[in-house]
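Read-outs: derived from the displayed coordinates by stated rules, not from any lab. If you're wondering where the values come from, they're calculated on a predicted model, not measured in any experiment. Cβ coordinates were reconstructed from backbone atoms using ideal geometry, including for glycine residues, and neighbour counts include every protein chain displayed.
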There are 2 protein chains.
Amino acid sequence: MTTTPASVLSSVLATGRTATEPALRDAIQTYLSPELARIAQYHIGWADADGRPTSTWSGKLVRPTLALLSSRAANGETAGGIPAAVAIELVHNFSLLHDDIMDGDTSRRGRATAWKVFGVPGAILAGDALAAAAGEVLLDSDAEGAASASASLMNATQRMISGQGADVSFEQRGDVTLAECLQMAGDKTGALLACACSLGADLVGADRALVQRLAAFGEHVGLAFQLVDDLLGIWGEEDRTGKQVGADLRVRKKSLPVVAALNASDSDELAGLYLSSEPLSEPDVQRVADLVERGGGRDWARDEAARQVAAAEECLAAAGIADAVRHEFQEVAGFIVGRRF
Amino acid sequence: MTTTPASVLSSVLATGRTATEPALRDAIQTYLSPELARIAQYHIGWADADGRPTSTWSGKLVRPTLALLSSRAANGETAGGIPAAVAIELVHNFSLLHDDIMDGDTSRRGRATAWKVFGVPGAILAGDALAAAAGEVLLDSDAEGAASASASLMNATQRMISGQGADVSFEQRGDVTLAECLQMAGDKTGALLACACSLGADLVGADRALVQRLAAFGEHVGLAFQLVDDLLGIWGEEDRTGKQVGADLRVRKKSLPVVAALNASDSDELAGLYLSSEPLSEPDVQRVADLVERGGGRDWARDEAARQVAAAEECLAAAGIADAVRHEFQEVAGFIVGRRF
């Protein structure tokens, strides 16, 4: 993807955020009960634990911006895509609320996670409520494609949940194949991005070919993102990314580069270290990183990420949308995959 | 409601179950990933913890039977309501899976709860997956009222979640009003029963007046059920109901009879015992039950349940449906509220 001044990206994201935020706030207040709205508002970063508004919220609303671009791609207008933008962000936050419980994470973006503050029942219910609200926003929109968009969102949500389930089950398994791992990543990360990149078009009644090409674009962007994220989880630059070097290895995550190396020949030493239940020392973590690299996991993941980016570009070109919208899609996709290629 | 031979009820429920079960099994296999389907199948009672089929499943599928009756009320046929029957049962089981985690319950119907067997992450995800599948089943049905029925189901799901959230928040509060408690019960129990009693009609494109009257019928049945359930939670007959006498009092549940008595005059002794944080001894539990009765909570709840049953009858009569279908609705409703009036 071509490099453009950061100000272009900032402007695209600021426009998306400005168009989405009021409708997102409104949806949470309209659909959720006051108790659960408070938990959701805390989780998103709009309120502190006592319900007082915060002034520090810096959410980028990347997925909503993609949803708005997709409605512009279909009919030149952003407004019709707003319910799609809201719905996709509601689903994203539903997944974060539940993931934090499942992973036992106690902090997110420098604040205590919702379940730490409000308890597990409150956080489970707030997540459930956001997921239901996402469907309500779309179906109440009375848009031409409301039923189609809702079906697409439910399907993406189901895939995301399946991917998360596979990720959990991989923890117990030593025989995960690369194909399974790619499917898991596509489900966990690709499905919701595919939906984000097409949901606005779907909602305003765009033709199926456009919806499908935009979805395919988002699916490839999602896989590229996951590959980059997995690379950073092993060899990450802590200053730039907030991800600790080796973070994923310490918790023995079956990430894509690791699974690629485990499925290569000569993986006995790596398997011995990584699939045992003994705690990994810091030298072990370093050794695992080296073995994943020697086993070709790092190169494969980089190459695969580049292939996914190229495939994304192709899908976007085939969509035949206005140049301005295409460039903005590229900007946001470049931001998501970390401008690494 | 008139008393009819048990065999009539058995036949209505058996017909509903026979029509629903294959489609319900199919939906879980189609929409959920194998890992999460296995958890759902265990939870429902179709499989043991190792995934082996069980032969002891005795689920009555009461809500699906109501959904099928509602499509028959609309167009004389059961078949069109099957996706509605499946969807409502998926949402019901989603709520049970999450409730068991939130309540920390370790057994359900004599078996270990899903989170005890598969862990909290698996049970959260299986619940999430069932909720998404419910929307998918309706939207993929291509029925005339698919969008309308989906919106109704999402709204009922949202109300159910709100009610559960209110129930959780009541635990921390000593000033719950009877109006708040009735709203909570309507949301937690009434909304899904209202949806069950109307969703099949909605799905096959029935007119709004019929859908609304059937929904109102179900809402009243739901409130009557909750009142009876709350009475049994205090003065229940353990042999007949499986509910221990005083069970709700021991955990200081803010159930409807208790809240009615707490909001009556002369409730100081009751408030002193029930709203403190000291453990309740068995004599305390007995004393609380007496005080709730003296405070009028028992009589009020009985009378209110009778009023809700009468209101349900009125709504059903106003719906103007075929006598045979109306009688079957009455049979199932009578079963739900325990034939106590």
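Here are a few things to note about the model shown:
- Amide H contacts of A:A47: A:Y42, A:T54, each under 5 Å away and 5 or more positions distant or on a separate chain (H built 1.01 Å from N in the peptide plane; Pro and chain starts excluded).
- Net +/- balance of residues flanking B:R159 in space, Cβ distance below 13 Å, scoring K and R +1, D and E -1: -4
- Per-residue mean of C-beta atoms belonging to partner chains within 10 Å, peptide A:80-87: 0
- Rg and Dmax of the range A:5-338, based on Cα coordinates, read 20.1, 59 Å.
- Other protein chain Cβ atoms within 10 Å, averaged over every residue that makes up B:135-143: 4
- Estimated vicinal HN-Hα couplings, Hz - the range A:104-119 in sequence order (Karplus 6.51, -1.76, 1.60; Gly, Pro = x): x, 6, 9, 9, 9, 6, x, 10, 4, 5, 4, 5, 5, 7, 10, x
- Amide H contacts of A:G76 (H built 1.01 Å from N, under 5 Å, at least 5 apart or other chain): none
- Förster radius 60 Å - calculated FRET efficiency between B:E282 and A:D323 (Cβ-Cβ, nearest 0.05): 0.20
- Packing-based ranking of B:134-142, B:56-64, A:248-256 yields B:134-142, A:248-256, B:56-64, ordered from highest to lowest mean Cβ neighbour count within 10 Å.
- Taking 15 Å as the cut-off, no amide N atom of the range B:169-184 comes nearer than this to a point 7 Å along the Cα-to-beta-carbon line of B:R294.
- In nm, spacing of pseudo-spin labels at B:D105 and B:W57 (7 Å Cα→C-beta vector): 1.9
- Taking a point 7 Å from the Cα of B:V120 along the Cα-to-Cβ direction, the residues of the range A:68-109 with backbone N closer than 18 Å to it are A:94-108.
- Between B:A14 and B:N75, the modelled labels are 2.8 nm apart [label points 7 Å from Cα along Cα→Cβ].
- Per the axis that maps chain B onto chain A, nearest residue of B (Cβ criterion) and its distance in Å: B:A147, 2
- Less than 5 angstrom separates the built amide H of B:V245 from those of B:E238, all sequence-distant by 5 or more or on a different chain.
- Ratio of the Cα radius of gyration of the range A:184-341 to 2.2 N^0.38 Å, where N counts its residues: 1.19
- Rough spin-label spacing in nm, given labels placed 7 Å along Cα→Cβ, for B:E237 and B:A271: 3.6
- At 7 Å out from Cα toward Cβ: A:G320 inter-copy label distances (nm, ascending): 5.1
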